[in-house]
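See below for the structure under consideration.
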Amino acid sequence: MLRLHRPTLLACALLALLILALYASVGAAKPFHTWDWMDIVSEGGTTVLAACWLVMLLSSRPGGMVTRWLSCGLAAILLGNWADLMDEFFKMGKAFQWNHWLEALVGLGMLTLTVGLHYWRHEQAHLSEHLEKRERLFRDHRAFDRITQLADADYLRRQIRLERQRRPDANCAVALLDIDGFHLINRQFGQPEGDRALQAVGHMLLLNLRSDDLLCRYAGDRFALLMPGASEAEAAVLVRHLCDMVGRMRHHAGATLVPLTLRHACAPADSAPEIVLRQLNLAVA
């Protein structure tokens, strides 16, 4: 991951060297006996810690707006403290004011870092919402589908039965979604690309589910969706939205754009799971 951010690290290192060169060229070196070791340790330690935080951040995150805000804030704090540290080794004349502006980078960095943390908080909220949609899977300690990491048909049947037992009078719907022409993807590009298509569709569906919905890989290229609290009409609206989002994806097999569309059918979960799923299978066949 750190390789992606080499320009940022290189720019930060070059700016630090430039600041050192500026102080060395226009400032007068202070005698050794006048060095304030308490300030040197304090400001130097803060500089080193800011550099470590910057490297840790960039080594653990991809590029993006949140990463830019956080890294710029840490870089400004690093460089501001570095400039403040240079004051311990070089005496600047009163005619030079730019050193004060450099030291002010610490405050600017704190402000920038705060903005980055604000966006990071929103990012984490979205990720938590996404993980909640998998919570039903994590509650049961069982094997996931190897390709999509979703539950299987057996788990879906158990959940349908549980929903009927818990809330026998409440609405509950089941939908089956089938990828159009999936066998052509396998035939033209090979099974690994077919697996990638299944993963892409699974991720897109998960991102657009309601928090209480359960997505499973039913069989082959078919996904099943359990929607507690949804009537058949409401489920149809939700599933059409999911199909529309998948249809908007730009999935590539190498350099080739592969369109992905879904057929779907919905039914109320008002009878045995085997009966409901058999009807849905016939509807999307």
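The values are calculated or read from the model by the stated rules, or taken from the named source; none is laboratory data. All figures in this text were calculated on a predicted structure; none of them were measured in a lab. Neighbour counts run over all protein chains shown; Cβ positions are idealised from the backbone, glycine included.
Closer than 16 Å to Leu184 by Cβ, at pLDDT 90 or above, in contact with a His (Cβ under 6 Å, 6 or more places away or on another chain) and hydrophobic (A, V, I, L, M, F, W, C), is that true of Leu260? For Leu260, the condition - closer than 16 Å to Leu184 by Cβ, at pLDDT 90 or above, in contact with a His (Cβ under 6 Å, 6 or more places away or on another chain) and hydrophobic (A, V, I, L, M, F, W, C) - is met.
Could you check, for region 198-217, whether at least one of its residues is assigned by TED's automatic domain parsing to the domain that holds Asp169, acidic (Asp, Glu) and within 19 Å of Arg157 (Cβ to Cβ)? Yes; the residues of region 198-217 include at least one that is assigned by TED's automatic domain parsing to the domain that holds Asp169, acidic (Asp, Glu) and within 19 Å of Arg157 (Cβ to Cβ).
The residue that is surrounded by the fewest Cβ atoms within 10 Å (Cβ to Cβ), among those in region 68-96 that are under 18 Å from Cys12 (Cβ atoms) and touching a residue at least 60 places away in the same chain (Cβ under 8 Å), is Met86.
Just one of the listed residues (Ala230, Ala224, Ala235, Ala175) is in a loop (DSSP other than H, G, I, E, B) and surrounded by 21 or more Cβ atoms within 10 Å (Cβ to Cβ), namely Ala230. Filtering region 186-211 to residues that are closer than 19 Å to His241 by Cα and of a type outside the set (A, V, I, L, M) leaves Gln199, Gly202, His203, Asn208, Arg210, Ser211. Select from region 1-53 the residues that are of a type in the set (Phe, Trp, Tyr) and in contact with a helix residue (DSSP H, G or I) (Cβ under 7 Å, 6 or more places away or on another chain) and list them in ascending order. Result: Tyr23, Trp53. The residues in region 1-57 that are surrounded by 14 or more Cβ atoms within 10 Å (Cβ to Cβ) and assigned to a loop (DSSP other than H, G, I, E, B) can be counted, and the count is 2. If you check Leu198, Leu207 for being buried (at least 18 other Cβ atoms within 10 Å of the Cβ) and farther than 22 Å from Ala267 by Cβ, only one passes: Leu198. Summed over region 155-172, residues that are outside any loop (DSSP other than H, G, I, E, B) and more than 30 Å from the chain's Cα centre (by Cα) total 10.
Answer yes if at least one residue in region 204-214 is farther than 22 Å from Leu184 by Cβ, touching a helix residue (DSSP H, G or I) at 6+ places or on another chain (Cβ under 6 Å) and either among the hydrophobic types (A, V, I, L, M, F, W, C) or at pLDDT 95 or above (or both), and no otherwise. So far as region 204-214 goes, yes, one or more of its residues are farther than 22 Å from Leu184 by Cβ, touching a helix residue (DSSP H, G or I) at 6+ places or on another chain (Cβ under 6 Å) and either among the hydrophobic types (A, V, I, L, M, F, W, C) or at pLDDT 95 or above (or both). Of all the criteria given as (1) under 27 Å from His126 (Cβ atoms); (2) part of a helix (DSSP H, G or I); (3) of a type in the set (D, E, K, R), the one not satisfied by Arg217 is (2).
A quick yes/no check of all residues on (1) touching a residue at least 60 places away in the same chain (Cβ under 8 Å); (2) outside the structural domain of Glu163 (by TED's automatic domain parsing); (3) in contact with a strand residue (DSSP E or B) (Cβ under 6 Å, 6 or more places away or on another chain):
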position	(1), (2), (3)
Leu242	yes, no, no
Met249	no, no, no
His252	no, no, no
Leu257	no, no, no
Cys266	yes, no, yes
Ile275	no, no, no
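When Pro192 is tested against the conditions (1) farther than 30 Å from Glu234 by Cβ; (2) at pLDDT below 90; (3) of a type outside the set (Val, Ile, Thr); (4) in a helix (DSSP H, G or I), the lone failure is (2).
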